[in-house]
Amino acid sequence: MAILITGGAGYIGSHTMVEFLNAGRELVVVDNFMNSKPEALERVRKITGKDFKFFQVDLLDKEALDKVVRENNIDSCIHFAGLKAVGESCAKPMLYYHNNITGTLNLCEVLAKYGAKRIVFSSSATVYGNPASVPITEDFPLSTTNPYGETKLMIERILKDIYNADNEWSISVLRYFNPIGAHKSGLIGEDPQGIPNNLLPYITQVAAGRRECLSIFGNDYNTPDGTGVRDYIHVVDLARAHLKAIELAETVTGIDYFNIGTGVGYSVLDIVHAYEKATGIKINYKITARRPGDIDECYANPKKAYEVLGWKAENNIEDMCRDSYNWQRQNPNGYDS
Ligand code: NAD
Ligand code: UDP
């Protein structure tokens, strides 16, 4: 039996594929490359020396998706495919709702049709909105502030209703905190198109000389040094959490939610300093205005993932910075290098 990976060519999908292939799992991958490159899949083959089936399919094309599931002995799915840029989701809400929600409905309908009722879903800490306190546990109230976050929360609710209607499903909702870093080989990593929205890709491009100066969005937050605090997690640790989630889903039915973070909050300035320490490169920065919608602090209590999944993060912040830079150095223009 095989595991269907949607969005496998993306940043987190490609790292997760490596962990699954190395664990001897059979994978069938779909992606439409709307935010990724075929080269990422070649690199996964190179790192692991293992092969998998790939189909260039859009989740919105239900017939094509049906064919993939029908013909490939799929018994479970890890669902990464979706659009993820907060700013773009505010500008193009219909695109986001249609792609993320309709895509997920198509997927769940097809999986149910062929009895593959096991899914791990990529949710996000964004579903906690502006938390009343930190660290965040899974039972915190849920709310969102933008269409992207809304799609994550809606999908969580859809999955709950799917389970309520049919208790044969096994559903793990992983709420990722801030994934960064890259595979130690430097062959796969985050490859944002255009100007990076997120902190680490931006710092990495400053370190590589592709951009002049990091803008730190505000130093008047209610945090120890005034800059925003987040829970950064190495993408390889995050990838490993999916393996644990699938292993659990193979033994129990139900729906459950897990924070996937380290439990440690770092400020933007902490990250700049950690990056400088890990790479020996000075990062130019200036303080600018706050970015609308940003919150003071967001970090996980990851205890449940440890107790139920037997998972915890192993890489520290310097590993994350070093591996980000290693990927950038080896691939100055990402997969186009
Ligand atoms: P990514 O954009 O690198 O990967 C997503 C992949 O899905 C891409 O390869 C894209 O081409 C594909 N895709 C999108 N829509 C598709 C469709 N309709 N049909 C087929 N393929 C489609 O993003 P990522 O960082 O790897 O994130 C993976 C998942 O994790 C996403 O659902 C994202 O929302 C979620 N997530 C990411 C972060 C983060 O910071 N990276 C944080 C929390 C949650
Ligand atoms: N940030 C910043 N400059 C940038 C990008 C991000 O100062 O160019 C800050 C941002 O305000 C937040 C933190 O870095 O406090 C993490 O932002 P990111 O976009 O990476 O993740 P998210 O906002 O989703 O937590």
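Of K46/K304; K62/K244; K184/K303; K37/K184, which ones are farther than 23 Å apart at the Cα?
Numbers: K46/K304 34 Å; K62/K244 29 Å; K184/K303 26 Å; K37/K184 20 Å.
From the list (K46/K304; K62/K244; K184/K303; K37/K184), the Cα-Cα distance tops 23 Å for K46/K304; K62/K244; K184/K303.
Compute the whole-percent fraction of alpha carbon pairs in the stretch 1-160 spaced more than 18 Å apart.
Working: 7567 of 12720 pairs.
Tail of P(r) above 18 Å: 59 percent of Cα pairs.
Starting with the highest mean, order 39-45, 52-58, 331-337 by the number of other Cβ atoms within 10 Å, averaged over the residues of each peptide. Write out the running numbers ahead of the final one.
On the way: 39-45: 20.4, 52-58: 16.9, 331-337: 13.9.
Ranking, from highest mean packing down: 39-45, 52-58, 331-337.
Averaging over every viewing direction, what projected area does the convex hull of the Cα atoms of the stretch 133-291 cover, in nm²? Let's see the in-between values first.
On the way: hull surface 45.7 nm².
With the hull built on Cα positions only, its mean projection is 11.4 nm².
If I take all pairs of Cα atoms in the stretch 79-192, what percentage of them are more than 25 Å from each other?
Details: 1924 of 6441 pairs.
Considering the stretch 79-192, 30 percent of its Cα-Cα pairs are separated by more than 25 Å.
In cubic angstrom, how much convex hull volume per residue do the alpha carbon atoms of the stretch 180-246 span? Each step should come with its number before you reach the end.
Details: hull volume 9.0 nm³, N = 67.
Output value, Cα hull per residue: 134 Å³.
Could you work out the per residue convex hull volume over the alpha carbons of the stretch 90-147, in cubic angstrom? Could the numbers behind the result be given before it?
Details: hull volume 5.5 nm³, N = 58.
Hull volume over Cα atoms, normalised by residue count, gives 95 Å³.
Kirkwood hydrodynamic radius (Cα pairs, Å) of the chain? Write out the running numbers ahead of the final one.
Details: mean 1/r = 0.0495 Å⁻¹.
Averaging 1/r across every pair of different Cα atoms and inverting gives 20.2 Å.
Ranked by Cβ crowding within 10 angstrom, fewest neighbours first, how are I188, I295, I155 ordered? Before the final figure, lay out each step's value.
Working: I188 28, I295 17, I155 23.
Fewest-to-most ranking of I188, I295, I155: I295, I155, I188.
Given the C-alpha centroids of the stretch 54-76 and the stretch 207-227, what is the distance between them in whole angstrom?
Distance between centres, Cα-based: 42 Å.
Compute the distance from the alpha-carbon center of the stretch 163-181 to that of the stretch 78-118, in whole Å.
Between the Cα centre of the stretch 163-181 and that of the stretch 78-118, the gap is 13 Å.
Mind listing P(r) for the stretch 211-269? All alpha-carbon pairs, 5 Å bins, whole percents.
For the stretch 211-269, the pair-distance distribution reads 4, 14, 17, 15, 14, 12, 9, 8, 6, 2, 0.
For the stretch 118-159, compute Rg over Rh where Rg is the Cα radius of gyration and Rh is the Kirkwood radius from the inverse mean 1/r over Cα pairs.
Working: Rg = 10.5 Å, Rh = 10.8 Å.
A ratio of 0.97.
Provide the percentage of antiparallel DSSP beta bridges, counting only those with both residues in the stretch 105-186; round to the nearest 5.
0 percent
Kirkwood hydrodynamic radius of the stretch 141-187 from all distinct Cα pairs, in Å?
Taking the inverse mean of 1/r over all distinct Cα pairs, the stretch 141-187 comes out at 13.3 Å.
In the chain, what % of DSSP beta bridges are antiparallel (nearest 5)? Numbers along the way, then the final one.
Working: 2 of 43 bridges.
Taking every DSSP beta bridge with both residues in the chain, the antiparallel ones total about 5 percent.
Among the chymotrypsin sites (Phe, Trp or Tyr not before Pro) in the stretch 1-37, which ones are in a DSSP loop with at most 14 other Cβ atoms within 10 Å of the Cβ? Mind listing them?
Values: sites: Y11, F20, F33; in loops: F33.
For chymotrypsin sites (Phe, Trp or Tyr not before Pro) across the stretch 1-37 that sit outside H, G, I, E and B with at most 14 neighbouring Cβ atoms in 10 Å, the list reads F33.
Over all pairs of distinct alpha carbons, what does the Kirkwood formula give as the hydrodynamic radius of the stretch 267-336, in Å? Mind showing how you got there, number by number?
Numbers: mean 1/r = 0.0664 Å⁻¹.
Over the stretch 267-336, the inverse of the mean reciprocal pair distance is 15.1 Å.
Counting helices only, and only those DSSP H runs with n ≥ 4, report the 222 nm mean residue ellipticity of the chain as the sum of -39,500 (n - 2.57) divided by its residues, in deg cm²/dmol to the nearest 500. Don't skip to the end; give the middle numbers.
Values: 11 runs with 123 residues, N = 337.
Counting only the DSSP helices, I get -11000 deg cm²/dmol.
So what are the three principal axis dimensions of the stretch 24-73 from its Cα atoms, in whole Å, longest to shortest?
32, 26, 10
What is the chain's relative contact order, in percent, from Cα pairs under 8 angstrom and six or more apart in sequence?
Details: 674 pairs, mean separation 65.1, N = 337.
Rounded, it is 19 percent for the chain.
May I ask you to work out the translational diffusion coefficient for the stretch 1-96 at 20 °C, viscosity 1.002 mPa s, via Stokes-Einstein with Rh from the Kirkwood sum over Cα pairs, reported in whole µm²/s? If you can, show how the numbers build up before the last one.
Working: Rh = 13.8 Å.
Reported coefficient: 155 µm²/s.
Compute the distance from the alpha-carbon center of the stretch 229-248 to that of the stretch 275-337, in whole Å.
14 Å
Every read-out reported here was derived from the displayed coordinates using simple, explicitly stated rules and does not represent laboratory data. Keep in mind that what you see is a predicted model, and the values were worked out from it rather than measured. Cβ atoms come from the backbone with ideal geometry, glycine included; neighbour counts cover every protein chain shown.
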